[in-house]
Amino acid sequence: MNALEIKNVGKVYGNGKVALQDVSLLVPEGSFFALLGPNGAGKSTLINILADTVHASSGSVSLLGHELFLERAWCKRRMGVVPQEIAFDPFFSPREVLKFSRGMYGQKADDAWVDELLERLELSEHAHKITRQLSGGMRRRLLVAQALVHRPKLVILDEPTAGVDVELRKRLWDFMRELNAAGTTILLTTHYLEEAEELCDQIAIINQGKLITSGSMKALMGEVASSSLCLQYAKPLQLSEEDKASLADFSPHICGDKLCLTLNKRGISSDFDVVYQAAKQRFGTPADVSIRQEDLEDVFLRLTATEQSNSEQGG
Ligand code: ADP
């Protein structure tokens, strides 16, 4: 079962801006899903469509088999969305905000869960202040608590940890991991790609409103992330046109004082040997050899940069 099935979703804003084009992706139930893309890619537009604050121009979405655009009430009870902007009554306390939110979802009071949320989001000390007195970071945490208060099956977090310090971010992620392990599907956008790589088992990358890739993180990192063999020579190399042509299969480039040769796939040892022998034949035995594997950030930058230059070339 998929938590979400997004089919051919498009969005054209009133001013003619095409923010999403024919985006289709599946979010498996129980997954920890990273929706990534550079600024302006269309991530918030997609999340706002899911949250019903923006209307899709085309396409359909189903949540746990129910049509999102047709069965809003059913879907809303099973979704918790953390928006980027804050909208509480400034005179309510965090505890009141959480209690009322449960009521709005038609659920009976659950003080134990409210207490747990306040504690896990490090708001217990501030539970009785009015929200106007809370810092920006505390208000963001309250938004996360609010999205979780009705125990949704799917939690959608738009940059949940923006501006949150490292230690607290770690604790928040631990909590998200626990929720995920207990069966909650989590979809998030984040600029912290290292954290996304560590936490998420599914990923989609969008750029300029279009889906570039989606699927399991493992498959992406296995199939798309490349490895480089980095060779250091006693005397720094300068690549002639002839050198470049002879090693063209391995995209030779100089990185600092090293010659780096790229393999298409991660960790296939026979390929390393082929590359190493090719370099050795041309430049002799290197003084030092190391291997560099692309991480998610490298892959992300490469995929989104290629798309950018392709679309520029395409006009
Ligand atoms: P992201 O969240 O990935 O940064 P957004 O979904 O916010 O991207 O924006 C996608 C594109 O749509 C951007 O070019 C943005 O300027 C544009 N956009 C967003 N909201 C509106 C709006 N209300 N009206 C017109 N254009 C918008």
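The values are calculated or read from the model by the stated rules, or taken from the named source; none is laboratory data. Being a predicted model, the structure only gives us computed values, none of them experimental. For neighbour counting, all protein chains shown are included, and Cβ atoms are generated from backbone atoms with ideal geometry for every residue, glycine included. All accessible areas refer to the heavy atoms of the entire protein, side chains included, with ligands and DNA or RNA removed. Shrake-Rupley method; radii C 1.70, N 1.55, O 1.52, S 1.80 Å.
Would you mind listing the strands (runs of 3 or more DSSP E) fully within region 16-64 where at least 2 residues are within 15 Å of the ligand (Cβ to nearest atom), at pLDDT 95 or above and open to solvent by 20 Å² or more (accessible area, probe 1.4 Å)?
Values: elements: 18-28, 32-36, 58-63.
Result: 18-28.
Looking only at region 122-129, decide whether some residue is without any contact (Cβ under 8 Å) to a residue 60 or more places away in the chain, farther than 29 Å from residue 199 by Cα, open to solvent by 50 Å² or more (accessible area, probe 1.4 Å) and in the same structural domain as residue 14 (by TED's automatic domain parsing).
Among the residues of region 122-129, at least one is without any contact (Cβ under 8 Å) to a residue 60 or more places away in the chain, farther than 29 Å from residue 199 by Cα, open to solvent by 50 Å² or more (accessible area, probe 1.4 Å) and in the same structural domain as residue 14 (by TED's automatic domain parsing), which makes the answer yes.
Would you point out the residue of region 243-288, among those that are open to solvent by 40 Å² or more (accessible area, probe 1.4 Å) and of a type in the set (Val, Ile, Thr), that is modelled with the highest pLDDT? Walk me through it before giving the result.
First, the residues of region 243-288 that are open to solvent by 40 Å² or more (accessible area, probe 1.4 Å): 244-246, 248-249, 251, 253-258, 264-271, 273-274, 276-277, 280-283, 285, 287-288.
Narrowing the set further to residues that are of a type in the set (Val, Ile, Thr) leaves 254, 268, 274, 285.
Details: 254: 90, 268: 55, 274: 87, 285: 93.
Out of the qualifying residues, it is 285.
Right, residue 235: at pLDDT 85 or above, part of a loop (DSSP other than H, G, I, E, B) and open to solvent by 50 Å² or more (accessible area, probe 1.4 Å) or not?
Yes.
Tell me, please, whether a residue that is closer than 28 Å to residue 82 by Cβ and part of a strand (DSSP E or B) can be found in region 255-270.
At the first step, the residues of region 255-270 found to be closer than 28 Å to residue 82 by Cβ are none.
Scanning region 255-270 turns up no residue that is closer than 28 Å to residue 82 by Cβ and part of a strand (DSSP E or B).
Residue 81 - would you say it is under 21 Å from the mean Cα position of the chain (by Cα), closer than 23 Å to residue 188 by Cα and not in a loop (DSSP other than H, G, I, E, B)? Talk me through it step by step, then tell me what you get.
Details: under 21 Å from the mean Cα position of the chain (by Cα): yes; closer than 23 Å to residue 188 by Cα: yes; not in a loop (DSSP other than H, G, I, E, B): yes.
In short, yes.
Across region 130-146, what is the total count of residues that are out of contact with any Leu (no Cβ under 9 Å at 6 or more places or on another chain), of a type in the set (Lys, Arg) and either closer than 19 Å to residue 170 by Cβ or surrounded by 15 or more Cβ atoms within 10 Å (Cβ to Cβ) (or both)?
2
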